[in-house]
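**Student:** Right, I'll just put the structure down here and ask away after.
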Amino acid sequence: MLYYLSLGSNLGEREQTLHQAVELIGQQVGTVLRCSSFFYSEPWGFESAHPFCNLCCAVQTPLPPLAVLATTQSIERSLGRTKKSINGIYSDRPIDIDLIQAFDDAGHELILSTPTLTLPHPLWQQRPFVRIPLAEIQ
């Protein structure tokens, strides 16, 4: 499976945290094929004095989507994230990793809707901090 992930950080050493997250994704999820350059943006969906640093990466792995989600959430916790966004209520965070799109080995996009994961990500096209870095690596 090929996954496109979006990563963001607006607390602490943002760039360093993103590099650490990509390294952990490579160790725990699968082979990181490509990463975009950093994309800086204002917070989306909430007010904060802390701007975000974002990137997207492409990852090849045999893991199914819910296993990738569980692993990326574990990586978030290991990098200091203690609170998840719930029901569209967002807050500052040291790391956020979202699954944006997934493709099977034949190149077909996976469509998934579960209580914990929707693919493709339902809001990615509304978010320049996802659209622009994603376009860079696709």
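**Student:** Please give the calculated 222 nm ellipticity per residue for the chain, where each DSSP H segment of at least 4 residues contributes -39500 (n - 2.57) and the sum is spread over every residue; nearest 500 deg cm²/dmol?
**Tutor:** It comes out at -9000 deg cm²/dmol, rounded to the nearest 500.
**Student:** If I stretch the segment between Asp92 and Ser48 completely, what's the gain in nm (0.36 nm per residue apart, minus their alpha carbon distance), one decimal?
**Tutor:** 15.1 nm
**Student:** Additional query: How far, in degrees from 0 to 90, does helix 14-28 lean away from the longest principal axis of the Cα atoms of the chain, to the nearest 10?
**Tutor:** 20
**Student:** Could you work out how far helix 65-78 tilts from the main Cα principal axis of the chain, as a 0 to 90 degree angle to the nearest 10?
**Tutor:** 30
**Student:** Let me ask something else about it. Using alpha carbons only, how many degrees (0 to 90, rounded to 10) separate the axis of helix 128-137 from the longest principal axis of the chain?
**Tutor:** With rounding to tens, the tilt is 40 degrees.
**Student:** Quick one: the Cα spread of the chain along its three principal axes, in angstroms, biggest first?
**Tutor:** The principal-axis extents, from largest down, are 44, 28, 27 Å.
Read-outs: derived from the displayed coordinates by stated rules, not from any lab. Worth saying up front: this structure is predicted, and the values here are computed from it rather than measured.
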